[in-house]
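Just below is one structure, and these are the notes that go with it.
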Amino acid sequence: MTYIDKRKSMGKRLLACRDFACVFSLVRESVKDALGMDRSGLILALQPLPENLGAFHTVGSNFIVINRTLLGRVRAENGRETINSYIYYVLLHEYLHSLGFLDEDEVLGLSSRICIDVLGEGHPASMIARHGIASVIPAGMRPFEESGGDMEIVLDFDPESTSYIG
């Protein structure tokens with residue numbers, strides 16, 4: 001398979017995803033190919049967060065938390081390709097933090113490079129990586145209405161995790 005064919009394949013696979021676990025499996029594959037690093041055992045949660053925070057990973061934890069309100073806005077304003085691309089980028093960014101990359105500028109650069117290498121420069125995930133959330137939410141529209149609130153755990157997010165309870 002050529003490099004261009006691999007990009008097209010990854011783009012098609014991302015478009016076909018219907019849940020967070022599918023998108024995350026592509027993120028893990030991309031990072032493993034690009035950096036030779038992998039980590040399992042992560043948990044995804046959705047929660048309304050302050051407007052300046054799209055997602056976060058707390059160092060030393062196994063949680064990635066995505067801003068539920070912002071994600072809802074992305075879903076309301078875009079089609080599946082852009083929604084999955086946004087989720088891919090956010091999970092990629094936070095997954096890199098979970099792997100020990102703590103410097104935000106370094107993670108921004110790595111995220112952008114991986115998106116472009118894996119999906120191509122014109123792919124929506126690459127556009128989000130380079131230009132931020134403004135590339136998928138129309139300018140002038142406030143994407144946030146709430147902060148705080150209940151955290152929702154996404155079940156079966158990381159199927160690579162080993163269950164110790166049978």
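The values are calculated or read from the model by the stated rules, or taken from the named source; none is laboratory data. None of the values given here were measured: they were computed from a predicted structure. In this analysis, Cβ positions are derived from the backbone assuming ideal geometry, glycine residues included, and neighbour counts consider all displayed protein chains.
Points worth noting:
- Condition met for residue 53 (more than 19 Å from residue 155 (Cα to Cα) and of a type outside the set (Phe, Trp, Tyr)): yes
- Test for residue 85: is it part of a helix (DSSP H, G or I), surrounded by 15 or more Cβ atoms within 10 Å (Cβ to Cβ), free of Cβ contacts under 8 Å to residues at least 40 places away in the same chain and not aromatic (Phe, Trp, Tyr): no
- Some residue of the range 41-53 being closer than 15 Å to residue 83 by Cβ, modelled with pLDDT of 95 or more and in a loop (DSSP other than H, G, I, E, B): no
- The one condition from (1) free of Cβ contacts under 8 Å to residues at least 60 places away in the same chain; (2) surrounded by 14 or more Cβ atoms within 10 Å (Cβ to Cβ); (3) of a type outside the set (Phe, Trp, Tyr); (4) more than 20 Å from residue 5 (Cβ to Cβ) that residue 126 does not meet is (4).
- Residue in the range 96-103 that is assigned to a helix (DSSP H, G or I), modelled with pLDDT of 95 or more and in contact with a strand residue (DSSP E or B) (Cβ under 8 Å, 6 or more places away or on another chain) present: yes
- Residue list for the range 9-36, filter: of a type in the set (A, V, I, L, M, F, W, C) and under 16 Å from residue 83 (Cα atoms): 10, 14, 15, 16, 17, 20, 21, 22, 23, 24, 26, 27
Yes or no, residue by residue, for (1) modelled with pLDDT of 85 or more; (2) surrounded by fewer than 18 Cβ atoms within 10 Å (Cβ to Cβ); (3) among the polar types (S, T, N, Q):
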site: 107; (1), (2), (3): yes, no, no
site: 115; (1), (2), (3): yes, no, no
site: 120; (1), (2), (3): yes, yes, no
site: 138; (1), (2), (3): no, yes, no
site: 143; (1), (2), (3): no, no, no
site: 146; (1), (2), (3): no, yes, no
site: 165; (1), (2), (3): no, yes, no
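- Within this structure, residue 92 passes the test of being assigned to a helix (DSSP H, G or I), surrounded by 20 or more Cβ atoms within 10 Å (Cβ to Cβ) and modelled with pLDDT of 95 or more.
- Qualifying residue in the range 32-46 (condition: surrounded by 14 or more Cβ atoms within 10 Å (Cβ to Cβ), under 19 Å from residue 133 (Cα atoms) and in contact with a helix residue (DSSP H, G or I) (Cβ under 6 Å, 6 or more places away or on another chain)): yes
- When residue 65 is tested against (1) part of a helix (DSSP H, G or I); (2) touching a residue at least 60 places away in the same chain (Cβ under 8 Å), exactly one condition is not met: (1).
- Sole exception among (1) under 16 Å from residue 17 (Cβ atoms); (2) more than 14 Å from the chain's Cα centre (by Cα) for residue 124, by number: (2)
- Which numbered condition residue 108 fails, given (1) under 21 Å from residue 14 (Cα atoms); (2) in contact with a Leu (Cβ under 8 Å, 6 or more places away or on another chain); (3) part of a helix (DSSP H, G or I): (2)
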